[in-house]
Amino acid sequence: MSEKNFNFVDEVRRRRTFAIISHPDAGKTTLTEKLLLYGGVIRSAGSVKSRRSNKHAVSDWMEIEKKRGISVTSSVLQFEYDDFCINILDTPGHQDFSEDTYRTLMAADNAVMVIDCAKGVEEQTKKLFQVCKMRGIPIFTFINKMDRAGKDPFELMEDIEKVLGIRSYPMNWPIGTDNNFKGVYNRQKKQIELFNGGNHGQSIAETITGDIDDAKFSSLLGEEIHEKLQNEIELLDIAGDEFNLEQILNGQLTPMFFGSALTNFGVEPFLQSFLDITTPPKPRASNLGDIDPQSDNFSGFIFKIQANMDPAHRDRIAFLRICSGKFEKGMTVNHVQRNKKVRLAQPQQFLAQDRIIVDTAYPGDIIGIHDPGIFKIGDTLCEDQSKLQYEGIPKFAPEHFAKISTKNSLKRKQFLKGITQLSEEGTIQVYKRPNIGMEELIIGVVGVLQFEVLEYRLKNEYGVDVISERLPFRYIRWIKMDNFDASTFSLPMDTLLVEDEDKKPVLLFQNEWSIRHAIERNKNVVLKEVSL
Ligand code: G4P
């Protein structure tokens, strides 16, 4: 950590907390690693993980991760750069784990969207983008793999606008595409920045900078590329959107950066601009109004629970996003939802790959606290006696469903205990058919691999074997309707009415046609994709 002495207000002001979103393989991990390289956390790139062979290096706590070679849970990394204290909320890359990813976005103040220049906007990016948009947080775009052949930069801008519905402002512009990437033109600084990576991005790239009209670039780049660049910049200046900070901070305009995480080209300029544009943690909405991060009272909310990091102890770690005040090790806080005092004895912070015990932490930081099974996702912890509650974390729409029961009816109690715990952690969502007992439950998950995680954990942690049967539903909608009455509600044949854990009525659909059908047949019904 920094050796300088910062007061509380400075500590809040220098915090930047963001999540990186992308479709698997776009380069999220590589970019994270390079940010750590520039932050001086690692000396040589390649040490965070050597992908395929060792995908689980950052968070290898669960057997299933090791078997599959994928990262099941998010991890949080903190590092310093230029007096900023940066928290990166890493999100699982595999598409099967996106509900955790969704929730992580609730704790982030900004998002960085990594896009593969050859592929453009891909499926998972679209879904994650929607959550960022819903929150109205600033979204930065990093077009990656520019060292390889890819789509035309103008085409990529159009892709983002068409598919995601957000306009972009290129902060820089690539020079030399299709295996000939040399650098970028920095539109803010109005200068050319040429990179020289040398050793395949293992260490920091060297940069040659200068004015766009500087004659040296005609010889460095060749006249054709230099002229093309001059024309393209002119076109962007005339026909492109203007830089509008307010729109960026409201998530209506995305600043766009071109680069190559692998070779480090454009990584540091991206980081610098990002830090320049983003703001420190902002006031956060609660039932008592917006809470100022600089207020004296400590408060935060739990956005993620990770169980059994150590199988021998069955411990759970609850991840808490600090929203206001200063956190100090050992402090006693009010657990609002349970109306109980809890002592935060062994808080952990995640510094690059290491977990360390943390003494102090500030708004924007994430700490991991030991959870003896008392916390739920969305719970608020605060220092004073008030009834402060941060806005809940939505339940995101599962896309896969299964009917599940225990093989051995004598194990029913264990079965229900396991299901309840996994549901509290947010691994699964549980539904029940009205008038049918708890012996048959319907489980909804965002990604199919969660079924495997569920079966594995029920067996290994609770000693329960289950019978599960996949159901053909793909869409879920929460019913918003005054005086809902199931007996008068008209449903398509292939649709199922269930209750969620809060006994709210929910519909499971097999296709979009049935959703439209249900809306047409039932006046005054509103069907929602997320439940708060
Ligand atoms: P992810 O976390 O988003 O899933 O992506 P990750 O960083 O693991 O990158 C996926 C693949 O793309 C890796 O190759 C990585 O080296 C490559 N990659 C990332 N950034 C760039 C880039 O700027 N340019 C090029 N050309 N490739 C890039 P891999 O073959 O799957 O793994 P590895 O054998 O290289 O480790």
statement: Going through the range 153-188 in order, the residues found to be buried (at least 24 other Cβ atoms within 10 Å of the Cβ) and of a type in the set (Gly, Ala, Ser) are Gly183
message: Consider the range 12-31. How many of its residues are farther than 14 Å from Val121 by Cβ and either more than 10 Å from the ligand (Cβ to nearest atom) or part of a strand (DSSP E or B) (or both)?
response: 9
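Each row is one residue, and each column tells you yes or no for (1) free of Cβ contacts under 8 Å to residues at least 60 places away in the same chain; (2) of a type in the set (Ser, Thr, Tyr); (3) assigned by TED's automatic domain parsing to the domain that holds Ile317.
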{"site": "Val446", "(1), (2), (3)": "no, no, no"}
{"site": "Gln450", "(1), (2), (3)": "no, no, no"}
{"site": "Pro505", "(1), (2), (3)": "yes, no, no"}
{"site": "Ser514", "(1), (2), (3)": "yes, yes, no"}
task: Can you work out which of the residues in the range 404-421 that are closer than 15 Å to Glu455 by Cβ and free of Cβ contacts under 8 Å to residues at least 60 places away in the same chain is surrounded by the most Cβ atoms within 10 Å (Cβ to Cβ)?
output: Phe415
query: From Lys304, Lys282, which residue is in contact (Cβ under 8 Å) with a residue 60 or more places away in the chain, of a type in the set (Lys, Arg) and assigned to a strand (DSSP E or B)?
result: Lys304
message: So, Phe484, is that one of a type in the set (A, V, I, L, M, F, W, C), within 28 Å of the chain's Cα centre (by Cα) and part of a loop (DSSP other than H, G, I, E, B) or not?
response: no
task: Residues being at pLDDT 95 or above and of a type in the set (Val, Ile, Thr): count how many of those fall in the range 234-275.
output: 2
- request: Being in the same structural domain as Gly444 (by TED's automatic domain parsing), outside any loop (DSSP other than H, G, I, E, B) and either among the acidic types (Asp, Glu) or under 24 Å from Val445 (Cα atoms) (or both) narrows it down to one of Glu501, Glu520, so name that one.
  value: Glu520
message: Is it the case, given these coordinates, that Arg516 is among the charged types (D, E, K, R) and surrounded by fewer than 15 Cβ atoms within 10 Å (Cβ to Cβ)?
response: yes
task: Pick out the one residue from Thr495, Thr488 that is within 25 Å of Lys523 (Cα to Cα) and out of contact with any strand residue (DSSP E or B) (no Cβ under 9 Å at 6 or more places or on another chain).
output: Thr488
- prompt: Taking the range 124-152, which residues are farther than 19 Å from Ile20 by Cα and surrounded by fewer than 19 Cβ atoms within 10 Å (Cβ to Cβ)?
  reply: Arg148, Ala149, Lys151, Asp152
- line: Expected output for the range 385-399 (first residue surrounded by fewer than 18 Cβ atoms within 10 Å (Cβ to Cβ), partner of a type in the set (Lys, Arg), Cβ below 6 Å, 6+ apart or cross-chain) is Glu399/Arg474
- request: Sort out which residues of the range 236-268 are within 16 Å of the ligand (Cβ to nearest atom) and assigned to a helix (DSSP H, G or I), and write them in order of number.
  value: Val267, Glu268
- line: Residue pairs within 9 Å by beta carbon, gap of at least six or interchain, first lying in the range 246-269 and surrounded by fewer than 21 Cβ atoms within 10 Å (Cβ to Cβ), second acidic (Asp, Glu), listed first then second, are Gln247/Asp241; Gln252/Glu246
task: Count, please, the residues in the range 253-301 that happen to be under 23 Å from the mean Cα position of the chain (by Cα), under 30 Å from Ile377 (Cα atoms) and aliphatic (A, V, I, L, M).
output: 3
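Just give me the residues in the range 372-403 being of a type in the set (A, V, I, L, M) and in contact with a helix residue (DSSP H, G or I) (Cβ under 8 Å, 6 or more places away or on another chain), in sequence order.
Correct list: Ile374, Ile377, Leu381, Leu388, Ile393, Ala402.
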- prompt: When you go through (1) at pLDDT below 50; (2) more than 10 Å from the ligand (Cβ to nearest atom) one by one for Gly39, which number turns out not to apply?
  reply: (1)
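The values are calculated or read from the model by the stated rules, or taken from the named source; none is laboratory data. Keep in mind that this is a model prediction, so the values were computed, not measured. Counting neighbours? That spans all protein chains shown, and the Cβs are built from the backbone with ideal geometry, glycine included.
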